[in-house]
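Here, each number is a calculation from the coordinates, and none is a lab measurement. These figures come from a predicted structure and were not determined experimentally. Backbone-built Cβ (ideal geometry, glycine too); neighbour counts: all protein chains shown.
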Amino acid sequence: MQQTNPWNADKPFPKEDLWPACGPIKNSMYRKASGLDSVGWWLYAAERYLAPALTNWEHLTPPERRNRSQSEFSGKEPRDYRCLILGSNEGLVERLLCQWGFVGEIVATDIAENALSRARAEAGRLGYTNIRHVKADLNSDSVSGEFDFVIAEGVLHHIENITHCLHMSRSVMPSHGILLAAEFAGPFRFQLPKEQVYWINHILRFLPRGVRFGLTGSAEDLLPAGDGDPYAPPSEDAIIAFDPSEAISGHVLDAALLSMFDVIERKELGGTLMTYLHEHLDYKLAGQQPYSQWTQLAIELESALIDRRVLNSDYVFYVLRKPGVRECKAAAITGTLTKREDNPLWNLESVGTVNEAWTSQSFEVLAHGTFAIRGWAVDHIARGVAGGVEISIDGSLYRGEYGKRRPDVARAHGLPAYVNSGYLFELKAEEFKVGPHTAFIRVVSNDRQTFWEVGPYVILVQ
């Protein structure tokens, strides 16, 4: 496999002409990951989840974004954090972490020895002594030790034995560990379904001739190309000849990740149409005015088709944790967020022994033992999971466990992104005096910047 690995060439694989470097496409994917055109998933994740491990992040992050940090780590020195990178390639992610002040150990793995050697050399040139580059085949090799963070960008869909890789990744994560991934989750070896091919060709027909066929300096450069169906998926043999591991497990990756980890965030980045235009489109030209306006239209069409579930998103950003981690142990966050005035999309299903709780505003619970509050909630604006669910009881905030699997909710709303939308509170009745208590449920937005509040409810302890 490695002998035909294009990422193991004598020189870095050129990426500047590929689709992710096109300005409008890059900005769209950034916005879907972070809410901002200028912040990619790696910086968003660093600000929000890695902040306690970074000694320099506040110098690189504007004050208005610093409240993104919702890490649950505490009582640990920055030098004691460890990070495992799956698929280092040329070493960009580990160097960014060091630039942001990650001073703990980073173990960066890759099967491409030439790329790994270049990454090692560049880290040495920059004086980053906390990075250890390790050659590893993630289909079979394992990494020892414990890592607070596991990071994968564009590597998991190359792993044929994805079950081994994900089991290994999960095994090195402590209970508070986080897996961050931005991955291709599309068709096997790019054998696209006919609906996807149809819409790719539709885009190619309406994009300007100049951006398709080259500039002539005439007014016709801005006319639609309109030339039949120029795109046909490459054959499986052609993909194997380029890279036998290319897109070998993307088609099962989403299900594998969601079955083995609990979801903190899952954001669809798109790329379902725009990825496949490289043989018919000058991406550099497509990012420049006036052609970028047509490129933006194509991106918006792609987004609409994904939102309507006509097509699936080929690229997805994940923030995952080990199953069973209890988020209720963390501090509540809505006390510092802005309250929204519109209504959330959610449900209150049970309080204590009371089922179908949505039909009532008052609930009785026993004054001893624990009682549970269950339901589901999503961020219908972001069309994804919520950022968490909290409950205010007599003004005190409690943070629930969020991210339980609810395939019924995903099916009912036609959005796979809603699959991990269940919440659970387990509260000790002894913490509350006998008598009535006023409760409000708070649903946190996906970006954790705002929250919805519903209530009041009365919890009668007796």
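Below is a table of values for the structure above.
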read-out: Nitroxide proxy distance, nm - points 7 Å out along Cα→Cβ at Arg340 and Leu215; value: 4.3 nm
read-out: Exposure proxy ranking, count of Cβ atoms within 10 Å, fewest first, for Leu180, Leu348; value: Leu348, Leu180
read-out: Additional length obtainable on full extension of the chain from Ala372 to His278, 0.36 nm per residue less Cα span; value: 28.6 nm
read-out: MRE, 222 nm, helices only [DSSP H, n ≥ 4, -39500 (n - 2.57), over the chain, to nearest 500]; value: -7500 deg cm²/dmol
read-out: Electrostatic dipole magnitude of the stretch 90-133 [Cβ: Lys, Arg +1; Asp, Glu -1; Cα centre; debye, to 20]; value: 140 debye
read-out: Potential extension, Asn355-Ile240 segment - 0.36 nm per residue separation minus Cα distance; value: 36.0 nm
read-out: Separation between Cα centres of the stretch 289-308 and the stretch 229-244, rounded to whole Å; value: 25 Å
read-out: For Rg and Dmax of the Cα atoms in Å, calculated from these coordinates, the label among (1) 24.1, 97; (2) 24.0, 82; (3) 22.6, 89; value: (2)
read-out: Label-point gap, in nm, between His59 and His167 - each point 7 angstrom along Cα→Cβ; value: 4.4 nm
read-out: Two-site FRET efficiency, Leu92 against Ser142, from Cβ-Cβ distance with R₀ of 30 Å, rounded to 0.05; value: 0.80
read-out: Cα→Cβ-extended label distance, 7 Å offset, between Val197 and Ile381, nm; value: 4.1 nm
